[in-house]
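Reading through the structure tokens given below for one structure.
The values are calculated or read from the model by the stated rules, or taken from the named source; none is laboratory data. Just so it is clear, the model here is predicted, and its values are computed rather than measured. Positions of Cβ are backbone-derived with ideal geometry, glycine not excepted, and every protein chain shown enters the neighbour counts.
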Amino acid sequence: MIPERLLNALILAGLLAVPLWALAADEPFTITLATRVVILALAAVGLNIALGIGGLVSLGHAAFFGIGGYAMGILAHHAQTYTALDLGLFTVSGTKSMPVIWLVATLASMLAALLIGLLSLRTSGVYFIMITLAFGQMFYYFAIGWAEYGGEDGLSIYLRNSFPGLNTLVPIHFFGLCFAVLCLALFLHARLAASPFGLALNAARQVPGRAEAVGLDPKRLKLLAFVVSGAITGLAGALFADLNRFVSPTMFSWHFSGEIMVLVILGGTARVMGPVAGAALYVALEHWLGGLTDYWIIFLGAILLLIVLFARGGIVGMLSGRRQAGD
Amino acid sequence: MSFILVAEQILNGLQFGVMLFLMAAGLTLIFGVMGLINLAHGSLYMVGAFAAAAVAGATGSFLLGLVAALTAAAVAGAIIEVAVIRRLYKADHLDQVLATFALILIFSEGTRWAFGSFPLFLDIPDWLSGPVSLPGGIQYPLYRLALIGAGLAVAAGLWLLIERTRIGIQIRAGENDREMIAALGVDISRLYTLVFALGAALAGLAGALVGAIQSVQVGMGEPVLILAFVVIVIGGIGSIKGAFVGALLVGLTDTLGGIFLPELLKLVTDPSTASTVGASVASMAIYILMSIVLILRPTGLFGSTA
Amino acid sequence: MLKTLLTATTALALCAGAAAAEIKVGMITTLSGGGAGLGIDVRDGFMLAMEQSGRDDIEVVIEDDQRKPDIAVQLADEMIQSERVDVLTGIIWSNLAMAVIPSAVNQGVIYLSPNAGPSALAGAGCHENYFNVAWQNDNLHEAAGAYANSAGYTNSFVLAPNYPAGQDALSGYKRFFEGELAGELYTQLGQTDYAAEIAQIRASGADSVFFFLPGGMGISFLKQYADSGVDIPVIGPAFSFDQGILQAVGDAALGVVNTSQWSKDLDNPANNAFVESFQAEYGRLPSLYASQGFDTANLLLSALESADPSDADAFRAALRAADFESTRGDFEFGPNNHPIQDIYAREVIQEGDVYTNKVLEVALEDHADAYASECNM
């Protein structure tokens, strides 16, 4: 068994080493794959905050992922067509600058998470799972019918957006940028879990009655966790759109909400590095199994099933020998 | 908009709702008794449709196809209950969602492996095809009337089963207190397998009945699954009565929304915009309905407090 | 791991130069999930032509996009960055095409479309590296409009799913149809029950119904329509009447007129040979999609006869010449690299146990698309 701290360091180091090796070996596509892992992990870190710290099983996180993606798509679309974006009261021009796009993506998904959270947190348990799913579906169908931004076809952005001081078209530069964002989010998660806020939430999740008795308001704590969670997943959506230079309603689909959840659980719920390990394994499976047979999805399903049934605590839990996070 | 058209649309909404009930009844039963969220319920619907298409194709008999659908779905349900689901009862909802999501992947691609990538053929039997005249001059397909009848019959049968039989008493007891009925000597794991197989059979029956007027293809269960979840959440999870009311509400909202929203919008905007915008809003209508119900009643219409 | 398929024949094309400059073709298509039937047909048609060519210096790399745009983009990156392919092809769906093609052709790769033809890539968004070997999305719907005129229909009810290809379909039909519209409906994408729409059709007083509902949606619609007792004649594009899905529709499709640029019974030597050899190779009748895959491969092969992809200008010119025997008869490219071709009206018939199509008439002759004039290449 490996101590969890050491394991966490190894996972991060491995994620950094693969693209560096690929750079040396001139395998640019491997860098692209690693970037995909990083961005999916970032989306899952967002969900992990809601799931792991807040105990909120959201099956609608694709909504935030899609909002982030569309924030990027819409701003960049207006910039590349030199048209103004009409906001009703005033118009703004589009932009190709990543920092601005990230800000808009984060704010927009925070706002959405606030509204969805306010309404959804009136329910709990299975009802919460289903109402978040319903909100995700609303966004999905809205995007499909949104003819102005491509409807089901989505929007193509011909050139990746820019970041001051970097050439984002070079795969390793873009990877570095995403990796840095992921590290920040992981740091935030770790700090949040150990902060008074995180401890209070943990108490609210495990013994709600007692938490209330000592003056904590569980609903407000949960809402805050949900908003932070949505913001991070939204930022991941903006990066994902930039990786593919493309956004479409599939970013909103419930399958995607399911996939992010798979990443979290694969890696180990509530563990800081769980989403990273989960994303790495998922992308690797998708990539390698796909080459073996046309029916590779059967094997993917079987592997997922085995992990749920026999490796509770995910990969991180299995390798570190601790089934529960924080034992 | 004439009276005939409105009446016909209401019948359509009813028929859709009744079929949704067959799906939702199994889901809600399984949740009520075992506390399990089963995303793979849509796969059992697909299994039923494929079994019916295969057997009806080979024998030429629609009724044999229905029998095959019931049997195949019940057997598939019993097998996954014993092999997989049984290990999930004590797990949290998260693990259940993930494991049954994995089952969807296995079922869908497995079916494609077994039956190929093209849709299968399943048709309405001759003795149920074509329209009939209803009072008021409505021309309505006989098969859809038969679907309404079959769905209502199953609903009544289910009610009798749960309220009037020994098994029903065990099921209701299982919903309330698991330890107690185990202590009273009921074989709880056999009861669970039975309930799961029953839910699966209902899903399979719905798949076969609907398969005759739709496309029998891989992935056909997923849209229905999501609708069925909406239904049981609106009705209150675990409540058969709630599932019935919820199914009719969803069926009517979805059918009538798709027709009347564009018509309403035509009063305020041009026809072309009205039909695209109306279609978008209509596709969101049931989700809006569900959010409103949950915001007003967080455990659904007939749900007990969570 | 990549599925690498080398065209299997003897080393007969091992002439100087050709063997050294091996040509790599990347095919991204849908091979799993509900839409896999179309991708499999395109792939099989394409590989049949490759095999018949006897060239062993062409390597075809085939990957499954699962019908997901982000996977398709990732595969395109892989093929361009690490496989370094000369030519890309294979995408079935318009939304995936929109995700992949603009960035691929801007990176200098040639793209040959065997199926999707979104309007955005035919007009202002056209590109010298992008060749469409199937049709522009509107084409078959335009032909349906033209056929409706010649059949004497004056009052059509039209319906399609609410997404860009659906909106293009209705505008394509309306572009050529000269009569009135009895009603216009957008349905939900993936919708399976059409009872409500059929009731509206019944009440509308139309003399014809035009619908575009690809895949399973069309199967559901036709079965329910036939059972409803409404007997207003139906027309539609070939997608809902293709060899692959006709068997699942059954009697409900008999007699329905649909429009297509290809049909199994088109009488020309290339097509006769294709239908026969496809059946011999795979044991089933070829579909529209298979014919498009076959034509795409033959276009590519014809260009490779006279130019090498390393000389981009010469290779593009060779492709533009379209000097190959198409299964659909005459075929040439317009100024936006989209086909100019005849589009036929076909009727669904039964041959023994098998449902198939027979050609009725030419609906539009030497038809080009409506966007060519917006293309500045």
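Output the residues belonging to region C:227-268 that are of a type in the set (G, A, S), in contact with an Asp or Glu (Cβ under 7 Å, 6 or more places away or on another chain) and farther than 25 Å from C:Q341 by Cα. Steps first, please.
Step one: list which residues in region C:227-268 are of a type in the set (G, A, S), which gives C:228-229, C:236, C:238, C:240, C:244, C:248, C:250, C:252-253, C:255, C:260, C:263.
Subsequent filtering for residues that are in contact with an Asp or Glu (Cβ under 7 Å, 6 or more places away or on another chain) retains C:244, C:250, C:255.
Passing the criteria: only C:G250.
Taking only pairs six or more apart or across chains, which ones have beta-carbon atoms under 6 Å, a first residue in region A:136-165 that is within 11 Å of chain B (Cβ to nearest Cβ), and a second residue that is part of a strand (DSSP E or B)?
Final answer for the pair search is none.
Exactly one of (1) assigned to a helix (DSSP H, G or I); (2) hydrophobic (A, V, I, L, M, F, W, C); (3) farther than 20 Å from C:E347 by Cβ is unmet by C:A148. Its number?
(3)
Name the residues in region A:207-225 that are closer than 11 Å to A:G55 by Cβ and in contact (Cβ under 8 Å) with a residue 60 or more places away in the chain, would you?
A:L221, A:K222, A:A225
If I go through region A:245-255 residue by residue, how many of them are hydroxyl-bearing (S, T, Y), within 15 Å of the chain's Cα centre (by Cα) and within 8 Å of another protein chain (Cβ to nearest Cβ)?
Qualifying residue count for the region: 1.
Looking at region C:310-337 only, could you name the residues that are in contact (Cβ under 8 Å) with a residue 60 or more places away in the chain, out of contact with any strand residue (DSSP E or B) (no Cβ under 6 Å at 6 or more places or on another chain) and under 22 Å from C:E59 (Cβ atoms)?
Within region C:310-337, C:S310, C:A312, C:F315, C:R316 meet the criteria.
I'm trying to understand the selection: among the residues of region B:263-289, which are within 12 Å of chain A (Cβ to nearest Cβ) and not hydroxyl-bearing (S, T, Y)?
Within region B:263-289, B:V277, B:G278, B:A279, B:V281, B:A282, B:M284, B:A285, B:I286, B:I288, B:L289 qualify.
What do you reckon, is B:F229 assigned to a helix (DSSP H, G or I), crowded, with 21+ Cβ neighbours inside 10 Å and of a type in the set (F, W, Y)?
Considered against the rule, which asks whether it is assigned to a helix (DSSP H, G or I), crowded, with 21+ Cβ neighbours inside 10 Å and of a type in the set (F, W, Y), B:F229 comes out as yes.
So which residues in region B:290-306 are more than 7 Å from chain A (Cβ to nearest Cβ), outside any loop (DSSP other than H, G, I, E, B) and surrounded by 20 or more Cβ atoms within 10 Å (Cβ to Cβ), if there are any at all?
B:V293
I'd like to verify a number: residues in region B:8-24 that are under 17 Å from C:T192 (Cα atoms) and crowded, with 23+ Cβ neighbours inside 10 Å, how many?
So the count comes out to 11.
Looking only at region C:70-107, which residues are closer than 17 Å to C:G39 by Cβ, facing chain A (nearest Cβ under 7 Å) and of a type in the set (S, T, N, Q)?
C:Q74, C:S94, C:N95
Just to verify a result, which residue in region C:170-193, among those that are of a type outside the set (V, I, T) and under 17 Å from B:A285 (Cβ atoms), is surrounded by the most Cβ atoms within 10 Å (Cβ to Cβ)?
Across region C:170-193, the extreme among qualifying residues is C:Y186.
Please pick out the residue among A:A270, A:A325, A:A277 that is at pLDDT 90 or above and over 29 Å from A:G73 (Cβ atoms).
Checking each option against the conditions leaves just A:A277.
Being of a type in the set (S, T, Y), assigned to a helix (DSSP H, G or I) and modelled with pLDDT of 95 or more is the filter here, so list the residues in region C:153-178 that pass it.
C:Y173
From the list C:L181, C:L121, C:L170, which one is touching a residue at least 24 places away in the same chain (Cβ under 8 Å) and not assigned by TED's automatic domain parsing to the domain that holds C:L360?
Of C:L181, C:L121, C:L170, the one residue that is touching a residue at least 24 places away in the same chain (Cβ under 8 Å) and not assigned by TED's automatic domain parsing to the domain that holds C:L360 is C:L121.
Conditions: (1) away from chain B (no Cβ under 14 Å); (2) in contact with a strand residue (DSSP E or B) (Cβ under 6 Å, 6 or more places away or on another chain); (3) among the β-branched types (V, I, T). C:V42 meets all but one. Number of the miss?
With respect to (1) away from chain B (no Cβ under 14 Å); (2) in contact with a strand residue (DSSP E or B) (Cβ under 6 Å, 6 or more places away or on another chain); (3) among the β-branched types (V, I, T), C:V42 is out only on (1).
Kindly indicate which of B:A102, B:A83, B:A91, B:A51 is over 30 Å from B:I169 (Cα atoms) and within 14 Å of chain A (Cβ to nearest Cβ).
Just a single option satisfies the conditions, and that option is B:A102.
Suppose the filter is buried (at least 18 other Cβ atoms within 10 Å of the Cβ), of a type outside the set (F, W, Y) and either closer than 21 Å to B:A206 by Cα or touching a Leu at 6+ places or on another chain (Cβ under 6 Å) (or both); does B:L160 pass it?
no
I need the full set of residues from region B:143-199 which are of a type in the set (K, R) and touching a residue at least 24 places away in the same chain (Cβ under 8 Å), in order please.
B:R144, the sole residue that qualifies.
Looking only at residues in region C:46-57 that are surrounded by fewer than 22 Cβ atoms within 10 Å (Cβ to Cβ) and closer than 19 Å to C:I110 by Cα, which one is farthest from the other protein chains (Cβ to nearest Cβ)?
In this case the residue turns out to be C:D57.
Out of C:F241, C:F274, C:F210, which single residue is within 14 Å of chain B (Cβ to nearest Cβ), crowded, with 19+ Cβ neighbours inside 10 Å and under 23 Å from C:L360 (Cβ atoms)?
Values: C:F274 fails: within 14 Å of chain B (Cβ to nearest Cβ); C:F210 fails: within 14 Å of chain B (Cβ to nearest Cβ).
Within the list C:F241, C:F274, C:F210, the selection yields C:F241.
Checking the condition surrounded by fewer than 23 Cβ atoms within 10 Å (Cβ to Cβ) and of a type in the set (S, T, Y), which residue from A:T269, A:T250, A:T293, A:T233 passes?
Result of the check over A:T269, A:T250, A:T293, A:T233: A:T293.
Assigned to a loop (DSSP other than H, G, I, E, B) and within 13 Å of chain C (Cβ to nearest Cβ), is that true of A:D242? Walk me through how you get there before you give the answer.
Working: assigned to a loop (DSSP other than H, G, I, E, B): no; within 13 Å of chain C (Cβ to nearest Cβ): yes.
No; evaluated as a whole, the condition is false for this residue.
Could you check C:R346 against (1) assigned to a helix (DSSP H, G or I); (2) buried (at least 24 other Cβ atoms within 10 Å of the Cβ) and say which number it fails?
Checking C:R346 against (1) assigned to a helix (DSSP H, G or I); (2) buried (at least 24 other Cβ atoms within 10 Å of the Cβ), the one that fails is (1).
If only one of B:A247, B:A212 is under 25 Å from C:I219 (Cβ atoms), within 8 Å of another protein chain (Cβ to nearest Cβ) and surrounded by 24 or more Cβ atoms within 10 Å (Cβ to Cβ), which one is it?
Of the residues listed, the single one that is under 25 Å from C:I219 (Cβ atoms), within 8 Å of another protein chain (Cβ to nearest Cβ) and surrounded by 24 or more Cβ atoms within 10 Å (Cβ to Cβ) is B:A212.
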